[in-house]
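Contents: one structure, followed by commentary.
The values are calculated or read from the model by the stated rules, or taken from the named source; none is laboratory data. The structure presented is a predicted model; accordingly, all values stated were derived computationally and were not measured. Positions of Cβ are backbone-derived with ideal geometry, glycine not excepted, and every protein chain shown enters the neighbour counts.
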Amino acid sequence: MSLAARSFDDDALVDTDDGAAAADPVVHERSLADALDHLDDAGADVVLLDLDLPESSGLETLSTLLDHHEDVPVVVLTKLTDREVGREALRRGAEEFLAKDEINAELLVRSIHHAIERRAHRREQQRYETLIEESTDVNAIVDPDGTVRYVTPSVEYVLGYDPDELVGEDAFEYIHPDDRAAVREAFDRLAGDDDYRATVDFRFRSADGSWVFLDGRARNLRDEPAIGGFVVYTRDVTEQREYERQLEAQRERLAALNQLNDVVHEVASAVVDQSTREEIERIACQRLAASQSYEFAWVGEPDPETEAVNVRASAGTDGYLEDASLSVDPEDSSGRGPTARALRTGEIQTVQNVFEDDDYEPWRDLADEYDFQSSAAIPIRHEDTVYGVLNVYADRSNAFREQERNVVEHLGNLVGHAIAAAERKQALMSDAVVELEFRIRDVGDAIGAGAVPETPIEFEQTISVDDDEFLVYGTVAEDGLDDVERLTETVPFWESVSVVGEDVDGVRFELRLSDPPLMSTVASLGGSVRRVVVGDELKLTAQFPQDADVREVVDALQEEYDSAEAVARRQVTDRDERPGRLADVWSEELTDRQRTVVETAYFAGFFEWPRATSGEDVAASLDISAPTFSQHLRAAQRKIFAGLVGDDPDD
């Protein structure tokens, strides 16, 4: 071994001849500054340090030297009486100390060699400790019952614990509940078979509460005196498991996307052959629920009066819809979910994790019961018309991201286009009209009143008397008649009101209107008002020709009334069914006696003008009294005319 020794006093401690000097040079420096310079330039295997230098003395000389070159081994030279100083030098980092008066060649060489070996060993130990502390491997000695007896310092780097925090602890209390059984099984096998090598992956709770994935191996070394337990070797594989999870999720998304594309093609092919909206919606739900990517699907639309979401079609729901409460009212907690938002905005709404989304809290227990983790609410729309919302549920989180979201959104447009095409086809083959429902939240703006009625007022039939005058027949609860009379006095275009009669629904009234803005607007667009309900908001149902521009209708009403919004659109048949209704009334509604009275009066000329016979004569020919004849005749006339105007004669 090459030896380069330095002494900083005036005496040569090692006598060398020229050959030895060449092989093992000994460099003498007289000051600490010169020695430090030389160490910077050439280094050394060992330093012999006298603590009494001209410009530096005592243990501070050692400290200064080690501050600059902590890796070089140092042998301190002291006086015979300075043994305590020597021991302090060892505590400060020197490898050896020698009393000058006791030095001989053999002792000096032996001390130098020991200093070099001891410093090399210390460096190796520091290197090992650093590697252990920074390692992602955590090794431990554990008793069969799980008690931790020793754990490597790397536990602080990997799991955040000081080793002393875990010693004496039950390791099973830190293992994820879902993984404990597998680890206990491995320990049981280790206890019964000394040659068994256990391998098990498990999650371990770190100091910050998160779970770290560990790849574990274990051996039974209870018979080894230095061990006396199970040696457990673990490696942090959290990043690897996360990467594997992401790959698996990516594979699932790609598989779901491929399946979804197949479903879209199937739906596109299937709905082309369907002639009704109901068939199209049913097939879309069935195809989605039958795919491996989704659990179930359903289609809903809002009820304009109750604001509840009504189910139009479903597949695979298995009771979910009976348990779920849904609304489009944003003030209601059940109206803040994706279905309601999609219906209000006309845009797709997704929930990537139902257990983390705050707005999904009302349905979280149902998600757990029906085993889904994400959902999408897809508007069924064509151009500016939203027919409803298609809801789809998946048993995986983050199911509706990026490409998959785009595909299901396209599916909603495809179904909407198919419904619009079916309705157009149906319109060409029937006397269909477009029925629109509107909600106007500002009732005062809609009817020109300063206050809204306390009791809802329902207008059931509107008759146009001339271009700007209407008769409206409606019903109100008995305690709401005062509201009708008060509004007649305050609303400019409410001319007069009179009570027609009473029935089970309340008081029936006739209201005369002069140039009412709402009805005039509807009429100017080619439509007719079918029903109006005035309460804390105004609800309007109107019918328009099949070829009416729905967008123009909506824009016109919203321009007239800022708070107006379209809430439903449907296609209804408006063919004249009165002949059929009259036949039904004649054969099913009229009694035998009523039919006899009508036939006798008709053929006796009672309905001619002037009359060919009187009521008394017809009564006499039937052998009944005149009042009885009038009673039967009026009852029959009411039923016949109710059939003509499409009313219920029993109302």
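So here's what we get for this one:
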quantity: Residue list for the range 294-340, filter: among the polar types (S, T, N, Q) and within 22 Å of residue 352 (Cβ to Cβ); calculated: 317, 333, 334, 339
quantity: In the range 75-102, the residues that are over 16 Å from residue 45 (Cβ atoms), modelled with pLDDT of 80 or more and assigned to a loop (DSSP other than H, G, I, E, B); calculated: 92, 93
quantity: Among residues of the range 271-285, those that are small (Gly, Ala, Ser) and either buried (at least 18 other Cβ atoms within 10 Å of the Cβ) or in contact with an Asp or Glu (Cβ under 7 Å, 6 or more places away or on another chain) (or both), counted; calculated: 1
quantity: Flag for residue 341 being at pLDDT 90 or above and either more than 17 Å from residue 408 (Cβ to Cβ) or part of a loop (DSSP other than H, G, I, E, B) (or both); calculated: no
quantity: Subset of the range 590-606 [under 14 Å from residue 617 (Cα atoms) and in a loop (DSSP other than H, G, I, E, B)]; calculated: 604, 605, 606
quantity: Whichever residue in the range 441-466 is in contact (Cβ under 8 Å) with a residue 60 or more places away in the chain, of a type in the set (Val, Ile, Thr) and closer than 18 Å to residue 500 by Cα and, among such residues, is surrounded by the fewest Cβ atoms within 10 Å (Cβ to Cβ); calculated: 462
quantity: Residue 619 vs. criteria among the hydrophobic types (A, V, I, L, M, F, W, C), surrounded by fewer than 14 Cβ atoms within 10 Å (Cβ to Cβ) and over 30 Å from residue 507 (Cα atoms); calculated: no
quantity: Top-ranked residue of the range 380-403 - restricted to ones that are touching a helix residue (DSSP H, G or I) at 6+ places or on another chain (Cβ under 6 Å) and modelled with pLDDT under 85, ranked as surrounded by the most Cβ atoms within 10 Å (Cβ to Cβ); calculated: 403
quantity: Some residue of the range 622-632 being at pLDDT below 85, surrounded by 14 or more Cβ atoms within 10 Å (Cβ to Cβ) and outside the structural domain of residue 306 (by TED's automatic domain parsing); calculated: yes
quantity: When residues of the range 597-616 are limited to those that are hydroxyl-bearing (Ser, Thr, Tyr) and at pLDDT below 85, the one nearest to the chain's Cα centre (by Cα); calculated: 602
quantity: Residue match in the range 293-307 (condition: under 25 Å from residue 396 (Cα atoms), part of a strand (DSSP E or B), in contact with a helix residue (DSSP H, G or I) (Cβ under 7 Å, 6 or more places away or on another chain) and of a type in the set (A, V, I, L, M)); calculated: yes
quantity: From 264, 351, 309, residue being among the aliphatic types (A, V, I, L, M), more than 30 Å from residue 534 (Cβ to Cβ) and buried (at least 22 other Cβ atoms within 10 Å of the Cβ); calculated: 351
quantity: Residue ranges of strands (runs of 3 or more DSSP E) in the range 502-559 with at least 1 members among the aromatic types (Phe, Trp, Tyr), more than 42 Å from the chain's Cα centre (by Cα) and assigned by TED's automatic domain parsing to the domain that holds residue 445; calculated: 506-514
quantity: Candidates 326, 288, filtered to the one that is crowded, with 17+ Cβ neighbours inside 10 Å, modelled with pLDDT of 85 or more and touching a Gly at 6+ places or on another chain (Cβ under 8 Å); calculated: 326
quantity: Sole exception among (1) of a type in the set (Lys, Arg); (2) closer than 28 Å to residue 315 by Cα; (3) touching a Ser or Thr at 6+ places or on another chain (Cβ under 8 Å) for residue 441, by number; calculated: (2)
quantity: Any pair with Cβ under 8 angstrom, 6 or more apart, that starts in the range 616-631 at a residue that is in a loop (DSSP other than H, G, I, E, B) and ends at one that is surrounded by fewer than 17 Cβ atoms within 10 Å (Cβ to Cβ); calculated: 622/596
quantity: Residue match in the range 587-596 (condition: modelled with pLDDT of 80 or more, buried (at least 16 other Cβ atoms within 10 Å of the Cβ), among the charged types (D, E, K, R) and not assigned by TED's automatic domain parsing to the domain that holds residue 522); calculated: yes
quantity: Cβ pairs under 6 Å, 6+ apart, first in the range 467-480 and in a strand (DSSP E or B), second β-branched (Val, Ile, Thr); calculated: 470/462; 471/463; 471/465; 472/462; 476/457; 476/484; 476/507
quantity: Leading residue by the ranking (nearest to residue 413 (Cα to Cα)) among those in the range 344-384 that are touching a residue at least 60 places away in the same chain (Cβ under 8 Å) and of a type in the set (Asp, Glu); calculated: 383
quantity: Residue within the range 324-338 that is under 14 Å from the mean Cα position of the chain (by Cα), outside any helix (DSSP H, G or I) and free of Cβ contacts under 8 Å to residues at least 60 places away in the same chain present; calculated: yes
quantity: Boolean, residue 72 is in the same structural domain as residue 122 (by TED's automatic domain parsing) and at pLDDT 85 or above; calculated: yes
quantity: Count - residues of the range 20-72 that are over 15 Å from residue 95 (Cα atoms), among the aliphatic types (A, V, I, L, M) and not in a strand (DSSP E or B); calculated: 11
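Quick grid of which residues meet (1) small (Gly, Ala, Ser); (2) part of a loop (DSSP other than H, G, I, E, B); (3) under 15 Å from residue 267 (Cβ atoms):
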residue	(1), (2), (3)
350	no, no, no
359	no, no, no
388	yes, no, no
393	no, no, no
399	yes, yes, no
417	no, no, yes
424	no, no, no
